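Okay, structure first, notes after.
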Amino acid sequence: MDFRLTEEQEMLVSSVKAFVEKELLPHEEAVDRADEVPAELAAQIREKALDAGLYAFNIPESGGGLGLDHVSQALIERELSKCGWALHVNVGRPSNILMACKGDQIEEYLAPCVAGEKTDCFALTEPGAGSDAASIQTKAVKKGDNYVINGAKHFISHAGSADFSIVFAVTGTYEYKGRQKNEVTAFLVDNDNPGMTIRRGPKGVSNRGYHTYELFFDDCIVHQSKVLGEVAKGWEVANQWLTAGRVMVAANCVGQSMRALEASLGWAADRKQFGKAIGLNQGVSFKLADMATQIRAADLMTLHAAQKMDLGTLTDADAGMAKLFASEALGRIVDEAVQIYGGMGLMDETPVERMWRNARIERIWEGTSEIQRHIISKELLAPYW
């Protein structure tokens, strides 16, 4: 097994790191305090990402993107995540499931997203359907050549700045082992579509400036040409995105952990108590050792999962393990960073408090830690049933 990065990957990491340090991090504190990313700043970041050749790196070349392998994508995500989501989302990673676009959808949705002219959002979660996504209640009823959508979504990231939403709705039912289950279809719905209302959701403590929204559908009429993929095949579309997305979330967690360790090392070396640097005390130095060890394990697990994606052998459990371990490790690492900083770790004069807040969401979105354990154990036990 060769764990070395290629020369191209080393250059890629260096390039993204420089981009984050120059174009993103200088704005992080102001964005966090204002809980807002100015539109002109978002456009500036998007333009510079396009100029730097970083935009749509997750989209295959056949879709007009950079077509990078998944290991390289994970390396990029690792570096981008050293800044909060409010800023690095503007670098631009269109939803991979837009590769399901066909016909006119390609020019109307996929191509503009790859070019940075449009942005999408993923609308699956509902007030009564979070971890239990299969219980969504939003319905789309076929009437002639159209579908009429009624229902509501919430916790939809950056919907307010998106041009369209990828909306999942029930279009029928089927019987499975004596029980009725929902058939779900994905739709491309323009955010100015009549019958669709977007409202800012509750304010969160993680990733200030990266807002969530509520979407309401009241007899929202969408033409059948807006079906993404096939009717009743929405879960196939969604799962392609969710499984791969969990590996990239793991990479995000590794990057945040690396930043927390770097900040902690600097503080431990400079901060003096009882006449010496606190890093010379085992109570601090052992924490640093444990943090570094957990990061190494999470990084290797994430890159291994990304490699399996490239080989076509990734399982749901593989992705779940990477996301579970990396996000749980991040939680421990940022908590230790706060402890090393002491009282200053909870003051907003230092970035550690912000890292601590931002890290908390990672164990919840893209499938909670409990859901990941369910997926992993289900796959482990499958041969015995």
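Side notes on the structure shown:
- Working from the Cα coordinates of the stretch 1-56, the gyration tensor eigenvalues give, after taking √(5λ), semi-axes of 28, 14, 8 Å in decreasing order.
- Calculated P(r) tail over 20 Å for the stretch 210-275, as whole % of Cα pairs: 65
- Estimated vicinal HN-Hα couplings, Hz - the stretch 155-164 in sequence order (Karplus 6.51, -1.76, 1.60; Gly, Pro = x): 6, 8, 5, 6, 4, x, 9, 7, 8, 8
- Above-threshold pairs, the threshold being 32 Å between Cα atoms, out of 203/308; 139/177; 102/177; 48/287; 118/233: 203/308; 102/177; 48/287
- Counting protein heavy atoms only, the chain has 53 percent of its accessible area on carbon and sulfur, 1.4 angstrom probe.
- Sequence ranges 131-137, 222-228, ranked by mean other-Cβ count within 10 angstrom, highest first: 222-228, 131-137
- Helix axis angle, 234-270 relative to the chain longest principal axis, alpha carbon, degrees: 20
- For the stretch 133-150, putting each phi into the Karplus relation 6.51 cos²θ - 1.76 cosθ + 1.60 with θ = phi - 60° gives couplings of 4, 5, 9, 4, 10, 4, 10, 10, 9, 6, 9, x, 8, 10, 10, 10, 9, 9 Hz, in residue order, rounded to whole numbers and with x for Gly and Pro.
- Expressed in Å, the radius of gyration and Dmax of the Cα atoms of the stretch 305-354 are 16.3, 47.
- With a Förster radius of 25 Å applied to the C-beta separation of residue 346 and residue 293, the computed FRET efficiency comes to 0.50.
- All Cα pairs of the chain, percent lying beyond 26 Å: 54
- Percent of alpha-carbon pairs separated by more than 20 Å within the stretch 15-147: 56
- Rounded to the nearest 10 degrees, the inclination of helix 25-34 to the longest alpha-carbon principal axis of the chain is 70 degrees.
- In this structure the stretch 228-344 gives 45 Å² per residue of accessible area when probed at 1.4 Å with all protein chains present.
- Coordinate range of the alpha-carbon atoms in the stretch 281-385 per principal axis, descending: 51, 26, 24 Å.
- Taking the chain as a Gaussian network of alpha-carbon nodes connected by springs under 10 Å, the highest mean-square fluctuation of the residues 295, 371, 59 belongs to 371.
- Mean-position separation - Cα centroids, the stretch 239-316 and the stretch 1-25, in angstrom: 16
- Where GluC sites (Glu not before Pro) fall in DSSP loop in the stretch 304-375, at most 16 other Cβ within 10 Å: 349
- The distance linking the stretch 345-374 with the stretch 164-181 is 32 Å (Cα centroid to Cα centroid, whole angstrom).
The values are calculated or read from the model by the stated rules, or taken from the named source; none is laboratory data. These numbers were taken from a predicted model, which means no experiment stands behind them. Ideal geometry is used to build each Cβ from the backbone, glycine not excepted, and the neighbour counts take in all protein chains shown. Ligands, DNA and RNA are excluded from the accessible area calculation, which covers all protein heavy atoms including side chains. Shrake-Rupley method; radii C 1.70, N 1.55, O 1.52, S 1.80 Å.
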